[in-house]
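Visitor: Submitted below is the structure of interest, expressed as structure tokens.
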Amino acid sequence: MRANASALFRATFGVGPQAAASAPGRVNLLGEHTDYNGGPVLPVACAARTFVAVGSAAPGVLEMVSARDGQVTRIDYREGRAQGWGAYIVGVMRELVALGAAPAEGGARVSVAGDLPVGAGLASSAALTVAAAKALSLLAGTRLQPRQLAGVAFRAEYDHVGVRCGLMDQMSAALARPGRALLLECSSLAACHIPMAGRLLLVDSGMRRELAAGALNQRRVECEAAVARLKLELPELQWLASWPATWLPRLKRALPEPLRSRALHVVGETARARFGAQLLARGHLKRFGELLYESHESCRRLYDCSTPELDTIVAAARGAGALGARLTGAGWGGAVLVLLGTGEASSGKRETKVVDEIQRAFRAGYGREPPITVVRPSGGVRRERVV
Ligand code: GLA
């Protein structure tokens, strides 16, 4: 894949790239829709990555090509607006300029390749923006810290593209470590790395979703409306996730639907993610898995971000004895994460049973088998050799 980004660069622009970087997608274990509410998240980075190779171009010009369609887009990023994935690169470039970390002449050629599916709930846009921020800052001869790369990538998506996301995906793509989950408190950005026990499978429902257009922005508006209303009860409340879990009756009285359900999800999911991180750190995988099922139920019933396909997969996993399963990422399509134990002699048999049952149930409902892959918790953004 690394070679693909370089080869695509060479084939498109007739010269080799000068710098390259890659960043991973993520699978969130717990803490869904908590990041933009100031709560905790617990993602692992997956092995699938996005590779970005870059070289210089005329001042103000961005020339971009992706292995996906091979089309070259050429725009003046200071004025023009790009469509699709190009808009993310424009956002990164503008943010690097604001930081004084853009290539000296202020123009760049960019090629993108990788094996991360787009719109599958694996944070492909964050992998793209974090990898692009790293590659373009290397081209400029500046060394940005991983947290700075995450900041550039976040502002590119939030301010320039207009997706009202939180910081989980960018921070995961920047800070992740192999074999570890990342516990990130999104109000303070305090982070710690927790060894990931158990085996993770990812079941792709095949349903894709466009973030910017979608329900994520609407949920965010609902959460803000809930905070505005709850401030009348608790004036110092800054984040929905900070509402005291012992005050649920008061929350229920104060909020009309659907704000009540959204807020109950966020407060419950915040407690689950923090408790889950402790369980994972102590190796209590069984109880951790139960939290995954509870989280899915909360996403489905209270946050209303599941789909019948995702529910079918979770129910099949549960019926076949998986330790836990839940939709991962924003929802409204995308993938389900399944947790399996590894310790016992019967683990292999259990895994076969879980996989068979998911495929059988999905085939019965939708006439096809969903792709199932193993998630290997991987490392964050890195420089790549130019080949
Ligand atoms: C999307 C956003 C993230 C996060 C998740 C839901 O992936 O980009 O910031 O809000 O949805 O947990």
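The values are calculated or read from the model by the stated rules, or taken from the named source; none is laboratory data. Predicted model only: the values in this text are computed from it and were never measured. Neighbour counts are summed over all protein chains in view; Cβ atoms, including those assigned to glycine, are modelled from backbone coordinates with ideal geometry.
Visitor: Do we have Ala53 as more than 30 Å from Ser205 (Cβ to Cβ), of a type outside the set (D, E, K, R) and part of a strand (DSSP E or B) here? It would help to see each step written out before you state the result.
Guide: Details: more than 30 Å from Ser205 (Cβ to Cβ): yes; of a type outside the set (D, E, K, R): yes; part of a strand (DSSP E or B): yes.
Answer is yes for this residue.
Visitor: Can I ask one more? If a residue counts only when it is surrounded by fewer than 22 Cβ atoms within 10 Å (Cβ to Cβ), touching a strand residue (DSSP E or B) at 6+ places or on another chain (Cβ under 9 Å) and not small (Gly, Ala, Ser), which strands (runs of 3 or more DSSP E) contained entirely in region 76-195 have at least 2 such residues? Please lay out each step first, then the result.
Guide: Values: elements: 108-114, 180-185, 190-195.
Result: 180-185, 190-195.
Visitor: Report the residue count in region 26-57 for those that are of a type in the set (Asp, Glu) and more than 9 Å from the ligand (Cβ to nearest atom).
Guide: Residues of region 26-57 of a type in the set (Asp, Glu): 32, 35.
From what is left, the residues that are more than 9 Å from the ligand (Cβ to nearest atom) are none.
So the answer is 0.
Visitor: Name every residue in region 99-130 that is away from the ligand (no atom under 16 Å from the Cβ) and of a type in the set (Gly, Ala, Ser), in order of residue number. First the steps, then the outcome.
Guide: Of the residues in region 99-130, the ones away from the ligand (no atom under 16 Å from the Cβ) are 99-115.
Listed by number, the residues that qualify are Gly100, Ala101, Ala102, Ala104, Gly106, Gly107, Ala108, Ser111, Ala113, Gly114.
Visitor: Which helices (runs of 4 or more DSSP H) sit wholly inside region 196-312 and have at least 2 residues that are free of Cβ contacts under 8 Å to residues at least 40 places away in the same chain and within 21 Å of Leu167 (Cα to Cα)? Even if it seems obvious, please write down each step before you answer.
Guide: Numbers: elements: 215-230, 248-254, 259-282, 285-301.
The qualifying helices (runs of 4 or more DSSP H) are 215-230, 259-282.
Visitor: Which one of the conditions (1) closer than 30 Å to Val15 by Cα; (2) without any contact (Cβ under 8 Å) to a residue 40 or more places away in the chain does Thr352 fail to meet, given that it meets all the rest?
Guide: (1)
Visitor: How about region 173-204: which of its residues are more than 15 Å from the ligand (Cβ to nearest atom), of a type in the set (Gly, Ala, Ser) and more than 23 Å from Arg282 (Cα to Cα)?
Guide: Once the filter is applied, which keeps residues that are more than 15 Å from the ligand (Cβ to nearest atom), of a type in the set (Gly, Ala, Ser) and more than 23 Å from Arg282 (Cα to Cα), region 173-204 yields only Ser188.
Visitor: Same structure again: Would you call Ala23 assigned to a loop (DSSP other than H, G, I, E, B), surrounded by 19 or more Cβ atoms within 10 Å (Cβ to Cβ) and either without any contact (Cβ under 8 Å) to a residue 40 or more places away in the chain or within 16 Å of the ligand (Cβ to nearest atom) (or both)?
Guide: Numbers: assigned to a loop (DSSP other than H, G, I, E, B): no; surrounded by 19 or more Cβ atoms within 10 Å (Cβ to Cβ): yes; either without any contact (Cβ under 8 Å) to a residue 40 or more places away in the chain or within 16 Å of the ligand (Cβ to nearest atom) (or both): yes.
Judged against the criteria, Ala23 is not a match.
Visitor: Go through region 319-370 and report how many residues are within 16 Å of the ligand (Cβ to nearest atom) and buried (at least 24 other Cβ atoms within 10 Å of the Cβ). Full working, then the answer.
Guide: Filtering region 319-370 for residues within 16 Å of the ligand (Cβ to nearest atom) gives 326-337.
Going one step further and asking which of them are buried (at least 24 other Cβ atoms within 10 Å of the Cβ), we end up with 326-331, 334-337.
Residues flagged as within 16 Å of the ligand (Cβ to nearest atom) and buried (at least 24 other Cβ atoms within 10 Å of the Cβ) within region 319-370 amount to 10.
Visitor: Next up: Being in contact with a Phe, Trp or Tyr (Cβ under 6 Å, 6 or more places away or on another chain), surrounded by 23 or more Cβ atoms within 10 Å (Cβ to Cβ) and closer than 30 Å to Gly268 by Cα, is that true of even one residue in region 47-67?
Guide: No, region 47-67 contains no residue that is in contact with a Phe, Trp or Tyr (Cβ under 6 Å, 6 or more places away or on another chain), surrounded by 23 or more Cβ atoms within 10 Å (Cβ to Cβ) and closer than 30 Å to Gly268 by Cα.
Visitor: Still on this model: In region 198-238, what residues are of a type in the set (D, E, K, R) and either surrounded by 16 or more Cβ atoms within 10 Å (Cβ to Cβ) or farther than 30 Å from Ile358 by Cβ (or both)?
Guide: Step one: of region 198-238, the residues of a type in the set (D, E, K, R) are 199, 204, 208-210, 219-220, 222, 224, 229, 231, 233, 236.
Scanning region 198-238 gives Arg199, Asp204, Arg209, Arg219, Arg220, Glu222, Glu224, Arg229, Lys231, Glu233, Glu236.
Visitor: Please go through region 176-227 and give me each residue that is of a type in the set (D, E, K, R) and either touching a Ser or Thr at 6+ places or on another chain (Cβ under 6 Å) or within 16 Å of Gly25 (Cβ to Cβ) (or both), ordered by number. Before you say what the answer is, go through the steps one by one.
Guide: Of the residues in region 176-227, the ones of a type in the set (D, E, K, R) are 177, 180, 185, 199, 204, 208-210, 219-220, 222, 224.
Matches in region 176-227: Arg177, Arg180, Arg199, Asp204, Arg208, Arg209.
Visitor: Which residue is modelled with the lowest pLDDT, if the candidates are limited to region 137-172 and must be among the basic types (Lys, Arg) and more than 10 Å from the ligand (Cβ to nearest atom)? Break it down stepwise before answering.
Guide: Here is the first cut: in region 137-172, the residues among the basic types (Lys, Arg) are 143, 147, 155, 164.
Cutting the leftovers down to more than 10 Å from the ligand (Cβ to nearest atom) gives us 143, 147, 155.
On the way: Arg143: 93, Arg147: 98, Arg155: 97.
Taking the candidates together, the pick is Arg143.
Visitor: Among the residues in region 83-94, are any among the hydroxyl-bearing types (Ser, Thr, Tyr), within 16 Å of the ligand (Cβ to nearest atom), farther than 25 Å from Pro195 by Cα and at pLDDT 95 or above?
Guide: Let us first name the residues in region 83-94 that are among the hydroxyl-bearing types (Ser, Thr, Tyr), namely 88.
Applying the additional criterion that residues be within 16 Å of the ligand (Cβ to nearest atom) yields 88.
Now drop any that are not farther than 25 Å from Pro195 by Cα, which leaves 88.
Keeping just the survivors that are at pLDDT 95 or above gives 88.
So far as region 83-94 goes, yes, one or more of its residues are among the hydroxyl-bearing types (Ser, Thr, Tyr), within 16 Å of the ligand (Cβ to nearest atom), farther than 25 Å from Pro195 by Cα and at pLDDT 95 or above.
Visitor: Spot the failing condition for Arg209; the list is (1) within 15 Å of the ligand (Cβ to nearest atom); (2) under 17 Å from the mean Cα position of the chain (by Cα); (3) over 24 Å from Ile372 (Cβ atoms), and only one is missed.
Guide: (3)
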